[in-house]
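Chemist: Below you'll find the structure I mean.
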Amino acid sequence: MTGGSSRVTPRTLIGVVSDTHGLIRPEALQALRDSTLIIHCGDIGDPSVLMSLRSIAPVRAIRGNNDSGAWFDRLPEHDLVKIGSQSIYVLHNLAELELDLEASRVTAVVSGHSHKPVVERRDGVLFLNPGSAGPRRFKLPVTVATLALRSGRWVPRIVQLI
């Protein structure tokens, strides 16, 4: 699903998850429980992951480099999610970002792939990687993220699960 706009409410909270690789932890579902929308940044691993997330809120998902097969081929490689006047560009691997951010007026870029949680702002654009909510890799934390829209600005939060 690409494009489309969601309504902004005082409790707009976007859950952001990536690199589940077929594993949806109860802790992830708990951390995302108040989300009004969930974005999955790819490497989903199994369609059941999205079904579990949809039990909480509508889901926008893209495919990652490990998502292959007929089911995943239906998912886009990137997405643009509009929340009121805000736009979130979603892709799996930030190194593949080719979008002109200034011309597109994107206010946030969310990505996965590295399994490393990151929050940074560059030239007024929020860059968020929620880390990996799936199987632990190396000594990296297992995390998801949330994005709250407060006074027209994204307020990100990384949530460590285990």
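The values are calculated or read from the model by the stated rules, or taken from the named source; none is laboratory data. Everything numeric in this text was worked out from a predicted model, so none of it was measured. Note that each Cβ is placed from the backbone with ideal geometry, even for glycine, and that neighbours are counted across all protein chains shown. Keep in mind that these areas ignore ligands, DNA and RNA; they rest on the heavy atoms of the full protein, side chains included. Shrake-Rupley method; radii C 1.70, N 1.55, O 1.52, S 1.80 Å.
Chemist: So if we plug the beta-carbon distance of Glu77 and Ser151 into 1/(1 + (r/R0)^6) with R0 = 35 Å, what FRET efficiency do we get, rounded to 0.05?
Modeler: Step by step, r from the Cβ atoms, then E = 0.60.
Chemist: Under 5 Å between amide H atoms, partner at least 5 residues away or on a different chain: which partners does Leu13 have, H built in plane at 1.01 Å?
Modeler: Those qualifying (amide H under 5 Å, at least 5 residues apart or on another chain) are Thr36, Leu37.
Chemist: Can you list which of the trypsin sites (Lys or Arg not before Pro) found in the range 80-162 are DSSP loop residues with at most 15 other C-beta atoms within 10 Å?
Modeler: Counting only loop positions with at most 15 other Cβ atoms within 10 Å, the trypsin sites (Lys or Arg not before Pro) in the range 80-162 are Arg105, Arg136, Arg137, Lys139.
Chemist: How many Å² of accessible area per residue for the chain, probe 1.4 Å?
Modeler: In whole numbers, the chain has 50 Å² accessible per residue.
Chemist: Please give the length that would be gained between Gln30 and Gln160 if that part of the chain were fully extended, namely 0.36 nm times their separation in residues minus their C-alpha to C-alpha distance (nm, one decimal).
Modeler: 45.6 nm
Chemist: How far apart, in nm, are the 7 Å Cα→Cβ label points at Arg137 and Arg122?
Modeler: Spacing of the two 7 Å Cα→Cβ label points: 1.9 nm.
Chemist: Taking each pair of different alpha-carbon atoms in the range 54-142 once, compute 1/r for the pair, average those values, and report the inverse of that mean as the Kirkwood hydrodynamic radius in Å to one decimal.
Modeler: Hydrodynamic radius (Kirkwood, Cα pairs) of the range 54-142 is 14.3 Å.
Chemist: Further question: How far, in nm, would the chain grow between Asn65 and Leu99 when pulled straight, counting 0.36 nm per residue and subtracting the alpha carbon separation?
Modeler: 10.4 nm
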